[in-house]
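Here's the structure we're looking at; comments come further down.
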Amino acid sequence: MDDSSLKALLEHLPVFWWEVEEPWQVLERGGGAFADTGTAQRFLDRMHQELPAPGSPLEDGRHQARFDGRIFDVSWTLDENVAHSRTRGLAVEVDAHPEAPRRYAAFADLVDLAPAAAFIRDRHGRYLWANHAYAHLYGTTVEELVGKYIEDFDAPAEADQFRALDQEILTRGTPVRHTLGYRRPDGSAGQAVGHRFPVRENAQTCVAGIYVDITDHLRTMVQRQEAEESLQALRDHSGLPCALLSADGRVIEASAAAAELFHLGLPDLVGRRAHTLLAPAPARDLDRLHHRWNGLIARRTRRVETSAVLVDTQGQHRRAQLHLTTVGHSAARARHVWAVVTHQSLAHEAHPSLTAAQIRILSLLAEGSSNSDIATSMKLSRQTVDYHLSRLRQHLDAATRPALVARAYVLGILAPRAWPPRSATAAHPLSAV
């Protein structure tokens, strides 16, 4: 097949030709049936399996092959001039449509059903092809779009802009990344981003484009940025000590009030493990706090309110209410937890842990009970109650009964917002201890 004009003609037709010699060594191939060499090679591999060896004719000189959903009539002829060692093949697609050439079928097949909007226009601004996503941008169908011009769907100013961009691409011959605004079918403003690039279609250079609508994405990004700014304003200006913790309890970010609470600089607080900010406590209390933390991370609950004793770098203790809230819903395990500190007690030196009986006595004392009333309520002797009160005055450095009650509140032993008085560490609002 030495006639170059014939080869050029076949490049624009839905046919594929090849020449091979034994043992199936491809000497030459061409035609316009396939958009790329990879597809053409797969077709040749299929023919290698289905056709006889080079030099052997077909029984009736023809063969029909199915390939990628297409049907080809295959002719397999002998070359009389090369001693039967060279064989020619010709495959003609059945029911191919010349008005819809296959040269750029790979592009069309790739994006036809994709969410990205894609089109091909000629140099005059007429639509040659578009997918459903592109037609949807204009609230129409592909059938209504193809054959029409830019001005049929876009306002004059936008049409002029798009034509100018098409001409730039045709002149430069290189792709252009482009962001465009458009009017959505519901009348709202939309924005899309993508590329336009030159393609050859029907022996002419045309402009193809593929775009992704980013309107909703941009709106979501703006909403997220506004939410982050609001959260940052609350963190920095509410005056509340708060911190964002990782799932393993490390401080990721914190407010200035939180750093001040622990007598730390903000850079020194970020990166610390949260458990190093807690005062030593009975194993029972630590186990309960650890259990509730694990419940948060495992998403068994989203919010926890608890009490803990915090310790600053000067060794001062203070009891505070901790409000813990997980962030986000997507992951199976929470990755971050916001911790907010409220109702801090007065900072004080560490004192011996009080027993349940001593805390109960303080609760009854704050309620206004006399020593005899306390003894009766707790089924203790009067001497035992007097002994406990004496020990409490020593522990809390309070000389009188009113001072003892006041110290119990400012040190965070009794809950400041509960009546009747109860322990600040009580697990339930009605708990007596």
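The values are calculated or read from the model by the stated rules, or taken from the named source; none is laboratory data. Everything quoted here is computed from the prediction, not taken from an experiment. Because the Cβ atoms are built from the backbone with ideal geometry, glycine has one as well, and the counts that use them run over all protein chains shown.
Some observations on this one:
- Failed item, numbered, when THR174 is tested on (1) in the same structural domain as VAL327 (by TED's automatic domain parsing); (2) part of a loop (DSSP other than H, G, I, E, B): (1)
- Members of region 268-278 found to be under 29 Å from the mean Cα position of the chain (by Cα), surrounded by fewer than 17 Cβ atoms within 10 Å (Cβ to Cβ) and either touching a residue at least 40 places away in the same chain (Cβ under 8 Å) or farther than 19 Å from VAL309 by Cβ (or both), listed by number: GLY271
- Annotation note: of THR376, THR306, THR384, THR325, the sole residue that is hydroxyl-bearing (Ser, Thr, Tyr), within 25 Å of VAL410 (Cα to Cα) and surrounded by fewer than 18 Cβ atoms within 10 Å (Cβ to Cβ) is THR306.
- Residues (aliphatic (A, V, I, L, M) and either at pLDDT 90 or above or touching a Pro at 6+ places or on another chain (Cβ under 9 Å) (or both)) located in region 166-192: ILE169, LEU170
- THR215 passes every criterion in (1) within 30 Å of ASP122 (Cβ to Cβ); (2) touching a residue at least 60 places away in the same chain (Cβ under 8 Å); (3) hydroxyl-bearing (Ser, Thr, Tyr) apart from (2).
- Taking the listed residues ALA334, ALA254, the one that is surrounded by 12 or more Cβ atoms within 10 Å (Cβ to Cβ), in contact (Cβ under 8 Å) with a residue 60 or more places away in the chain, touching a helix residue (DSSP H, G or I) at 6+ places or on another chain (Cβ under 6 Å) and farther than 30 Å from LYS379 by Cβ is ALA334, with no other qualifying.
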